[in-house]
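These notes concern the structure reproduced below.
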Amino acid sequence: QVQLVESGGGLVHTGGSLRLSCAASGSIFTIYTMGWYRQAPGKQRELVAHITSGGSTNYADSVKGRFTISRDNAKNTVYLQMNSLTPEDTAVYYCNAEVTTFQAILPSNYWGQGTQVTVSS
């Protein structure tokens, strides 16, 4: 099994910054793409950013230029640096990883439990 544990959420004022972390652990053989999604109240979960094992990144238009995703493959950890936060960024942020384990050849998607980010005006 694989566990993803997020940390770093919290309450911040408009214009502030937060850094989210997500550490993967368990019976991991390979981690492919890692990413961050978010879900605001009454809205669908949406992709924020993802990063491949080779370091290629992709961002939602709404966060380009403000958020930066990175990963430390040695630590099986992905980060999301969020700057210039606005109330529209308020949501539960979920970590996602595409992982193969020692028990399964094909990759599966795993999710963290979510961390709340609240931006006050």
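In a reduced charge model with +1 at each Lys and Arg Cβ and -1 at each Asp and Glu Cβ, the range 43-121 shows a dipole moment near 80 debye about its Cα centre. Computed over the chain with a Gaussian network model linking Cα atoms closer than 10 Å, the most mobile of 66, 38, 19 is 66. Per-atom-type breakdown for the range 6-73 gives carbon and sulfur 49% of the accessible area (1.4 Å probe, protein chains only). Less than 5 angstrom separates the built amide H of residue 9 from none of the residues sequence-distant by 5 or more or on a different chain. The residues neighbouring residue 23, those whose beta-carbon lies less than 12 Å from its own, together hold a net charge of 0 under the Lys/Arg +1, Asp/Glu -1 convention.
When the chain is treated as a GNM with alpha-carbon contacts under 10 Å, the residue of 41, 87, 107 showing the greatest mean-square fluctuation is 41.
The values are calculated or read from the model by the stated rules, or taken from the named source; none is laboratory data. Please read all numbers here as calculations on a predicted model, not as lab measurements. Note that each Cβ is placed from the backbone with ideal geometry, even for glycine, and that neighbours are counted across all protein chains shown. Please note that ligands, DNA and RNA were not included when accessible areas were found on the heavy atoms of the full protein model with its side chains. Shrake-Rupley method; radii C 1.70, N 1.55, O 1.52, S 1.80 Å.
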